[in-house]
């Protein structure tokens, strides 16, 4: 292997490891604050709970742009090491605090670890040629799996540290362990990497550095990343209460099921980079956006148990009701058959795996023997029972498929950036990362408002389906406009194919 390539592989491995640790730290509050509230160590209200989970995400998002600029100017080795060394003391302070304010300020500080993505993207891209950058950045982005590491390992670690509740103050060791690992990773990172930066970036003014932000393409990439990364971060947290509330499972099982979404989405990002190199990032994004729109739409129908009015039985003529049973009503000698209710009741549905909604209809008499009725009078009302199990394993499989598409999409979005902005990867990657991170902060809040307003947990999927469709349409319109501008003869052939041509139906 050539020396330069060996250096690139070594730096990529160090970047990926450091990003994995940083991402695990960035997501720490999701588990830690839940534990503190669940054990009543602290009595935070729902608003405080939400803020403590969201503050690190917000910090790591809004600082990605300035950190990306610093990376372009001073180099990824210095900035990445600095990010970890700044985050570690604040992470340690989490274990020393005794108040909401203290936790909030410490979370604000260790949230800097979330900026590691902007650093690693710009730094990694410098060591690989354009045709291999998608794969390299996809491998780096697999560090998102750090969220899954925290989801799986932190609860078990907390049980050990607190001795299953016998030592409630033992939780304080968890953030200190994270801080120690972060500091150790920073040292290893410094001694296993080399400095490299884009020399043109160092000669730019701040205004020149920010110039790409005036390009609408940057904000379009940001919208895609708001969906595929912001949606990933949001669902990583949202799926746990979703499973608990909709399927009535334990928090432990909900965390395990949520990890089925989280882990593959992070790991498959490397494949997304390869596919983007092989087939083109735009082609991959067509499949990602289209697939997310379809799969999220499939999850819109809620788990439900509905009783509604159905087809009733009316008296064909005036008369006297002679007899009434579950299967027929006799009026003046005329037998009017009824549809009786099947003996199978809802409890048996839960013991089966039902893919599609199950409907049952029957008719219930509303008259009794001896009643006098007039023509068209209601004799038996119709009842329709619609039951949709929204089977938990089918739901999990579809959610996992959405997670896989998001993982592939994250790599495809960042494959675009060095192609369109080769000398501004840090800046453009920073703002795209900001928008994606804000998605992770905003989406759970938006999901909560949608849930409160509609009472439906599936409104989250409605929003994601709509956002996917809007992104897909916008991308397609841009592609058509590009074709019309740069290859008008192709656009004309597509719109008005000539008889006998390959494009003619």
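The values are calculated or read from the model by the stated rules, or taken from the named source; none is laboratory data. Bear in mind that the values here come from a model prediction, so they are computed numbers and not experimental data. Methodologically, a virtual Cβ is constructed for each residue, glycine included, from the backbone with ideal geometry; neighbour enumeration extends over all protein chains shown.
What are the residue pairs meeting all of these: first residue in region 248-264, first residue outside the structural domain of residue 148 (by TED's automatic domain parsing), second residue surrounded by fewer than 16 Cβ atoms within 10 Å (Cβ to Cβ) and at pLDDT 80 or above, Cβ atoms under 9 Å, and 6 or more apart or on different chains?
As it stands, the answer is none, since no pair meets every condition given.
Which of the residues that make up region 357-380 are surrounded by 15 or more Cβ atoms within 10 Å (Cβ to Cβ) and either out of contact with any strand residue (DSSP E or B) (no Cβ under 8 Å at 6 or more places or on another chain) or in a strand (DSSP E or B) (or both)?
358, 360, 361, 362, 363, 364, 365, 373, 379, 380
Let me spell it out: the conditions are (1) within 27 Å of residue 268 (Cβ to Cβ); (2) surrounded by 20 or more Cβ atoms within 10 Å (Cβ to Cβ); (3) more than 25 Å from the chain's Cα centre (by Cα), and residue 122 meets all of them except one. Which number is the exception?
Going through (1) within 27 Å of residue 268 (Cβ to Cβ); (2) surrounded by 20 or more Cβ atoms within 10 Å (Cβ to Cβ); (3) more than 25 Å from the chain's Cα centre (by Cα) one by one, residue 122 breaks only (3).
Rundown of residues vs (1) in a helix (DSSP H, G or I); (2) free of Cβ contacts under 8 Å to residues at least 40 places away in the same chain; (3) closer than 30 Å to residue 423 by Cβ, yes/no style:
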position	(1), (2), (3)
92	yes, no, no
101	yes, yes, no
108	yes, no, no
118	yes, no, yes
122	yes, no, yes
132	yes, no, yes
155	yes, no, no
171	yes, no, no
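Out of region 444-458, which residues are over 14 Å from the mean Cα position of the chain (by Cα) and outside any loop (DSSP other than H, G, I, E, B)?
Passing the criteria: 448, 449, 450, 451, 452, 453, 454.
Which residue out of 8, 50 is in the same structural domain as residue 181 (by TED's automatic domain parsing), part of a helix (DSSP H, G or I), out of contact with any helix residue (DSSP H, G or I) (no Cβ under 6 Å at 6 or more places or on another chain) and surrounded by fewer than 17 Cβ atoms within 10 Å (Cβ to Cβ)?
Of 8, 50, the one residue that is in the same structural domain as residue 181 (by TED's automatic domain parsing), part of a helix (DSSP H, G or I), out of contact with any helix residue (DSSP H, G or I) (no Cβ under 6 Å at 6 or more places or on another chain) and surrounded by fewer than 17 Cβ atoms within 10 Å (Cβ to Cβ) is 50.
Only one of these is within 30 Å of residue 480 (Cβ to Cβ), in contact (Cβ under 8 Å) with a residue 60 or more places away in the chain and assigned to a helix (DSSP H, G or I): 270, 296. Name it. Before the answer, list the steps.
Details: 270 fails: within 30 Å of residue 480 (Cβ to Cβ).
Every option except 296 fails the conditions.
Does region 452-480 hold any residues that are farther than 20 Å from residue 295 by Cα and surrounded by 14 or more Cβ atoms within 10 Å (Cβ to Cβ), and which are they?
Taking region 452-480 as the starting set, the residues that turn out to be farther than 20 Å from residue 295 by Cα are 452-455, 477-480.
Residue satisfying the conditions is 478 alone.
Is it the case, given these coordinates, that residue 222 is within 18 Å of the chain's Cα centre (by Cα), outside the structural domain of residue 358 (by TED's automatic domain parsing) and surrounded by 15 or more Cβ atoms within 10 Å (Cβ to Cβ)?
Numbers: within 18 Å of the chain's Cα centre (by Cα): yes; outside the structural domain of residue 358 (by TED's automatic domain parsing): yes; surrounded by 15 or more Cβ atoms within 10 Å (Cβ to Cβ): yes.
In short, yes.
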